[in-house]
Each structure stands twice: as structure tokens, then as C-alpha cells.
Amino acid sequence: MKTLIPRSLLVSRFAVACVVGCFGLLAVPGRAAAEENWAQRMFSETKHDFRVVGRGATAQHYFEFRNLYEEDVHVAAVRSSCGCTTPSVSKDTLATHETASIIATLNTSTFVGQKAATITVVFDQPYYAEVQLQVSGFIRTDVTFEPAEIDFGQSKPGEVKDRTIKISHRGNPGWRIQDVRSHCSDLAVKLSAPRVQPGLVEYEMQVRMKESMSEGDIRERLTLISNDTQFPTIEMAVAGHVRPALTVSPAAVSLGTATVGESVGKRLLVRADEPFAITEVRCVDKRFSFEIPEGKKKLHFVQLKFDSGDTPDRIAQKIEIVTDLQGGKTAECVATGTIR
């Protein structure tokens with residue numbers, strides 16, 4: 001488990017580093033770097049190469065970050081060094097353990113050729129910091145996709161879907177697709193024979209989402225391998241969302257600030273596509289107790305009670321809800337709070 005750092009400690013360490021710097025002295029080795037990188041440590045990656053993409057094609061990358069700290073993290077702004085890339089944030093305020101993404105969109109309709117940008121993410125809570133993300137890619141003008149990406153939309157677990165996309169190459173009539181490589185075993189691809197006209201080569205490609213596709217967001221890509229010696233590969237985006245068979249809401253339960261000896265009550269909503277029973281609710285912290293509803297329904301309310309005890313503390317605990325759905329399907333949420 002990551003060590004959670006209170007804001008007071010962060011601020012005090014940061015202040016010490018500033019004072020040392022002002023007097024021209026060397027800070028304790030590693031400390032200044034650690035404080036500067038508190039925000040960067042939340043990111044699993046900070047660089048992405050879109051490689052080669054077609055004109056007008058969808059090219060997005062999600063830089064995921066997770067709040068590792070006890071206090072809320074807030075994104076004040078995101079900006080790009082180049083108009084070729086538009087940044088946005090999926091959620092600007094994160095409680096403990098919550099995740100969000102900085103979404104980098106390469107503007108393939110208005111820019112061509114080799115492009116690169118630096119995305120600056122500005123945090124103002126728990127204190128000021130900046131993180132720089134690097135993106136790059138090459139936008140071709142002679143290859144286009146219709147539609148701009150393979151989008152399966154919203155799907156149920158185990159659902160099979162097919163999508164068809166037209167691939168067009170303008171210029172060399174001898175251009176051919178030699179292979180299509182999938183980076184996901186849950187996708188199957190079928191490519192038609194080429195249709196060749198003067199200055200134009202077209203393919204139709206069918207992409208199938210198998211019933212084994214995992215729950216959650218689909219952010220995959222296909223790589224087309226051609227006989228073009230200068231640009232032998234080109235990337236195609238695959239998107240969609242397979243909704244979970246079982247969900248619990250809220251995913252992050254805030255207990256707020258409780259005083260010693262106080263009890264806090266919350267209600268969890270547990271939902272599935274088919275009737276189910278809750279067999280158990282697990283939490284290693286014995287200060288939590290739960291009222292488990294009886295019977296099989298598509299929707300259950302679980303009453304949560306937290307007894308704060310007699311000791312000040314910071315709370316960050318996982319709650320696991322076990323059901324009788326196939327395979328003993330479970331859902332999780334996180335409860336956080338403070339006892340003073």
C-alpha cells in the first residue's frame with residue numbers, strides 16, 4: 001500500500017526546501033526532488049507516441065492518474081504547447097484512491113506530418129505542482145478511415161458486436177494491406193479484397209468484439225501493415241465500454257470528519273442486470289458493520305455503519321460485496337474519512 005501523506009507534512013517539508021534554497025544552501029539529497037515529484041508519482045506514464053495515423057482518424061490517449069494521498073487533489077488547468085493536440089481532464093477533483101485521466105487528442109483533421117506537444121497539468125491542491133506529459137505522432141494525408149474509429153458503444157458483458165470500416169488510400173495504386181495486427185485477443189478482424197481504381201485503393205474491414213471482452217472502457221488499437229516501405233504501419237483506434245455486470249455506488253464513500261466516539265451511517269446501492277443475492281460484505285476494519293438485505297433482486301441497498309472508536313485516525317478501507325452471481329461475482333468501493 002502507498003504511504004499517504006497529510007497535507008500539513010507536505011507543506012512543512014516544502015517550506016523547508018524553499019528556505020534552504022533561498023539561502024543558497026544544498027537541500028538534503030533527494031528531498032527536493034521528492035517534493036517536486038509528488039504529483040508526477042500519481043501518473044502511471046508521462047509519454048505516448050501515436051505512431052502513424054490517418055488523416056481525420058480518431059487519435060486519443062488517456063494518461064491515467066490516481067490520488068495516492070489523504071487529501072483531495074485538484075487539477076486547476078491543462079494546456080498544450082501545440083495546437084496539434086487538445087488536452088482535457090475526465091475529472092478535476094479526486095478524493096483518496098480515486099482515478100481520472102488527462103485525455104490527449106491529436107487533431108488529425110487540421111494538422112499533417114510529424115507533430116509533438118507538451119501537455120502541462122497544473123495542480124493547486126493539496127499544493128501547487130505541475131506535471132508535463134509528452135505526446136507525438138505522424139499524420140498521413142493519403143490514408144483515411146470511414147468512420148474515424150471503430151466504436152462499439154455501450155455493451156453488456158458477453159455481448160458480441162460487429163463494426164465495419166472503409167479504408168482508403170489515394171496515390172499509389174499498388175498500395176496493399178498485408179496484415180492487420182490486433183493488440184487485444186478479444187477482437188477479431190476480417191479484411192476484404194482490395195478494390196483498385198485509378199489513384200485509389202479501398203478495403204472494407206470487419207472488426208468483431210468477442211463475448212470475452214473485459215468489463216470497462218475499451219481503449220484498444222489495430223495496426224495495419226502495408227507494403228509502403230517508408231510508412232509500413234498505420235494505427236486505428238478501437239473504442240467502447242462494456243458495463244460491469246455488478247456495480248456499487250458510490251465507488252468512493254466519504255465518511256467525512258467524525259469525532260471520537262461518533263458513529264457514521266451511509267447507504268450503498270448495489271445493482272446488476274439480473275436478480276442476485278448478497279452473500280457477504282467484507283472489510284478488514286472491524287469498526288465497519290453492514291446490514292445485508294435478503295432475497296434476490298436487481299437492486300439492493302446495503303446499510304453501512306462506522307463506529308469511530310476512541311482514537312484519532314485516518315480511514316481508507318476497501319469494502320468488498322460478494323454475491324451469488326456466477327463465479328461469486330464481487331464489487332468493491334473505498335471508504336475514506338478522518339477521526340478527530
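The values are calculated or read from the model by the stated rules, or taken from the named source; none is laboratory data. As the structure is a prediction and not an experimental result, all values here were calculated from the model. Every residue, glycine as well, gets a Cβ built from its backbone with ideal geometry; the counts of neighbours run over all protein chains shown.
Observations on the model:
- Filter result for the condition that a residue is modelled with pLDDT of 95 or more and either of a type in the set (Asp, Glu) or surrounded by fewer than 18 Cβ atoms within 10 Å (Cβ to Cβ) (or both), over Gln326, Gln303: Gln303
- Residue within the stretch 230-252 that is modelled with pLDDT of 90 or more and over 30 Å from Gln60 (Cβ atoms) present: no
- Screening Lys297 with (1) surrounded by 14 or more Cβ atoms within 10 Å (Cβ to Cβ); (2) closer than 30 Å to Glu159 by Cβ; (3) touching a residue at least 24 places away in the same chain (Cβ under 8 Å) gives one miss only, at (3).
- All positions within the stretch 270-283 that are surrounded by 16 or more Cβ atoms within 10 Å (Cβ to Cβ) and part of a loop (DSSP other than H, G, I, E, B): Cys283
- Index of the failed condition, Val260 passing every other in (1) in a strand (DSSP E or B); (2) in the same structural domain as Thr311 (by TED's automatic domain parsing): (1)
- Against the test of being in a strand (DSSP E or B), charged (D, E, K, R), within 27 Å of the chain's Cα centre (by Cα) and over 20 Å from Pro147 (Cβ atoms), the options Arg267, Arg221 yield a single qualifying residue, Arg267.
- Answer from Ser192, Ser185 - the residue that is hydroxyl-bearing (Ser, Thr, Tyr) and closer than 19 Å to Ser214 by Cα: Ser185
- The listed residues are Gln197, Gln178, and the only one of them that is of a type outside the set (Ser, Thr, Tyr) and farther than 16 Å from Ile234 by Cβ turns out to be Gln197.
- When Ala277, Ala237, Ala258, Ala251 are checked against the criterion of being touching a Ser or Thr at 6+ places or on another chain (Cβ under 7 Å) and either within 21 Å of Gly337 (Cβ to Cβ) or of a type in the set (Lys, Arg) (or both), a single residue qualifies: Ala258.
- Of the candidates Gly158, Gly153, Gly137, the single residue that is over 29 Å from Val52 (Cα atoms) and either outside any loop (DSSP other than H, G, I, E, B) or over 17 Å from the mean Cα position of the chain (by Cα) (or both) is Gly158.
- Residue satisfying all of: in the stretch 43-54; touching an Asp or Glu at 6+ places or on another chain (Cβ under 9 Å) and at pLDDT 95 or above; farthest from Gly137 (Cα to Cα) among these: Phe43
- When Gly265 is tested against the conditions (1) more than 24 Å from Leu94 (Cα to Cα); (2) in contact (Cβ under 8 Å) with a residue 40 or more places away in the chain; (3) touching a Lys or Arg at 6+ places or on another chain (Cβ under 6 Å), the lone failure is (1).
- Among (1) farther than 29 Å from Met213 by Cβ; (2) touching a strand residue (DSSP E or B) at 6+ places or on another chain (Cβ under 7 Å) - the single one Gly295 does not satisfy: (2)
- Restricting attention to the stretch 306-323, the residues that are within 23 Å of Gly261 (Cα to Cα) and either under 27 Å from the mean Cα position of the chain (by Cα) or surrounded by fewer than 17 Cβ atoms within 10 Å (Cβ to Cβ) (or both) total 12.
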